[in-house]
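Below you'll find the structure, written out as structure tokens, and then a few comments.
The values are calculated or read from the model by the stated rules, or taken from the named source; none is laboratory data. Everything numeric here is computed off the predicted structure, so don't read it as measured data. Every residue, glycine among them, receives a Cβ derived from its backbone with ideal geometry; neighbour counts consider all protein chains shown. We work out accessible area using only protein heavy atoms, side chains counted, and drop any ligands, DNA or RNA first. Shrake-Rupley method; radii C 1.70, N 1.55, O 1.52, S 1.80 Å.
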Amino acid sequence: FVEFAVDPTGPQGGALLTNLISLPSFFEQIQYGRITGYTIILLFLLATGIFGWRTYILFNLDKNVKKEASGSRQGNNPLSRIFDVAEQNKGSDVETLELKLAEQILVERQSIDQYIWVVRLISVISPLLGLFGTIIGMINTFQAITLFGTGDPKTMAGGISEALVTTMLGLMSAIPTTFMAAALSNYSKGILSVLEEQSTGMVAARAEETQQVTS
């Protein structure tokens, strides 16, 4: 083994080290995205906020619904309201009860799935905005080439940076928001499945009671 040292400044007397120091950081690179990049970031923050809020709401709903299904009265929750509808239609026939419960499930579905579509929409829009920023960046690059030629690469760096940064931001926003939308959708489907299971059980019990009375 032989000890050796490497001069990071290179033979140009510090030019290499100066270029390394002048390289933009990640947050400085984001500024190249301009309005399109900032729009993608704002949409991502909006989706993250909605995801956190709806996750908290759905977590509490899921907990209360499962406790209600196990026989513990929890008060105001989707399953308790379905039980109230079944109690109000206690003397109705099977078909009427089934329709009333299905109607109440549709009402509860609207509140459970609330704002999930926004997260899903942002996951679709983000890469499209990134592509839009890419096109704008390439247009700026070709305009710089038309005015100044290709002799100095720095004249094209701004447009190329905008094109690449917006694409990067669009993908960085689309990938996690897709997972967010899928997680919220799966959470809401779990709650709705419990509601449908309980309502189907009540309809089956009413049908069995009616059959016993008839026989």
Rounded to the nearest 10 Å², the accessible area of residue 56 using a 1.4 Å probe with every protein chain kept is 140 Å²
Just to check I understand the Karplus step: with θ = phi - 60° and J = 6.51 cos²θ - 1.76 cosθ + 1.60, what whole-Hz values come out for the range 182-190, glycine and proline as x? 5, 5, 5, 5, 5, 5, 5, 5, x
Counting only protein heavy atoms and using a 1.4 Å probe, what share of the accessible area of the range 66-119 belongs to carbon plus sulfur, as a whole percent? 50 percent
Efficiency of FRET between residue 146 and residue 179 - r from beta-carbon atoms, R0 41 angstrom, step 0.05: 0.45
Length released on extending from residue 106 to residue 93, taking residue separation times 0.36 nm less the Cα-Cα span: 2.6 nm
What does the highest-first list of 97-106, 31-40 look like by mean Cβ count within 10 Å? 31-40, 97-106
Quick check on the range 31-177: take the gyration tensor over C-alpha atoms, sort the square-rooted eigenvalues as a ≥ b ≥ c, and tell me if it's rounded (a/c under 1.5), prolate or oblate. prolate
For the range 134-143, Karplus couplings with θ = phi - 60° (6.51, -1.76, 1.60), whole Hz, Gly/Pro x: 4, 5, 4, x, 5, 4, 5, 5, 5, 5
